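Below is one structure, written out as C-alpha cells; the observations come after it.
The values are calculated or read from the model by the stated rules, or taken from the named source; none is laboratory data. Every value quoted in this text rests on a predicted model; they were computed, and no experiment measured them. Positions of Cβ are generated from backbone atoms using ideal geometry, with glycine treated the same way; all protein chains shown enter the neighbour counts. Heavy atoms of the whole protein, side chains included, go into the accessibility calculation; ligands, DNA and RNA do not. Shrake-Rupley method; radii C 1.70, N 1.55, O 1.52, S 1.80 Å.
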Amino acid sequence: MMQTDRISEGSLWSRLPEGARPGGLKLTRRLVNCCGFAPNAKVTDIGCGIGATVEYLRDKCGLDPVGVDISEASLQKGRERSAGLLLVRAAGDALPFAGGSVQGVLAECSLSVMEDMGRVLDEIHRILVPGGKLAVTDLYLREPDPAPPDAAADSGRIAGVLNQAGMLRLIEAKAFRLLLWEDHTVLLKEFVAGFIMAHGSLEELQSCMPAQGGRQNWPAARQLGYCLLVAEKSTLEVTE
C-alpha cells in the first residue's frame, strides 16, 4: 500500500477545503496551465483525498478527471460533498487504468508520502499517452547534501523527501523529460505561518507528514522547500 490510511484519512485533510497543501487551488491552476491540456483531456489526480482538485479540474478547467486515493473514507466524503465526482480507491503503484489511456497525471503533495516513489512513477509512465504530462507540486530538500550517508536509502533523500537533483535523476530514470521546474517555497512558508495562526502549533500537521527513515531523520524546516515541476513521457518507443 503506497499511501497510508493514517495520512489519507487524517481529519486535517478532510477539514481544509483545498487540502493540506501550500498554494491551494491557485497553484493547481498554475500547474494545469503549464501542462497545456486540451479541453476534456483525461487526467488523473493521485492522492486526491476528498476530491477538491478533481472537482476543480472538472468544473473550472474543463478537463475529464478521475481521482485516486487509498482511503475509502476520504473518497466517500468527497462523493458526499460533490455529486458526480469520479473517485476510485487504489494505491499509487497499482493504478486501475489501461496503458496509454490518460493525457495527464497530477500529484499534489502526494509523491513524497509514497513508500516507493519509483514504483509509482513506473505506473504513471504506464498509463500516460506518449507525450503525456506528469504534473507535481511537493516538498523537496533545498540543500544538496543535507544528511549523513546513513540517514536515508537514497542519495539526497530524508524521510521520503528528495533534493532537487535526486528528484530530477529519478524522473529521468523513469523515462520522463523535465519541461519545467519552479520553486514555490514562499507558499510553503505562508501555509505554515497560516496553519500556526489557525491551530496554534504544527503538531497536527507534523503527524501527517511522511515518516520514511524515521522521525529522527525528518529534515529541519530550513531544509524544506516546495516545488512545481512538469515532465513529459518520452515519445520514443522502448525496444527490448
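Odds and ends about this structure:
- A38/E172 FRET efficiency (R0 25 Å; Cβ-Cβ; nearest 0.05): 0.45
- Residues C34, C227, ordered by accessible area of protein heavy atoms at a 1.4 angstrom probe radius and largest first, appear as C34, C227.
- Fully extended contour minus Cα-Cα distance, from R222 to E115, at 0.36 nm per residue: 36.1 nm
- For D122, net neighbour charge (Lys/Arg +1, Asp/Glu -1) across residues whose Cβ lies under 14 Å away: -1
- Cross-link partners of K189 among lysines (Cα-Cα below 21 Å; sequence separation of 8 or more within a chain): K26
- Remark: spin-label model distance R126-M197 equals 4.5 nm, labels positioned 7 Å along the Cα→Cβ axis.
- Cα-based shape type of the stretch 30-124, given that a ≥ b ≥ c are square roots of the gyration tensor eigenvalues and the cut on a/c is 1.5: oblate
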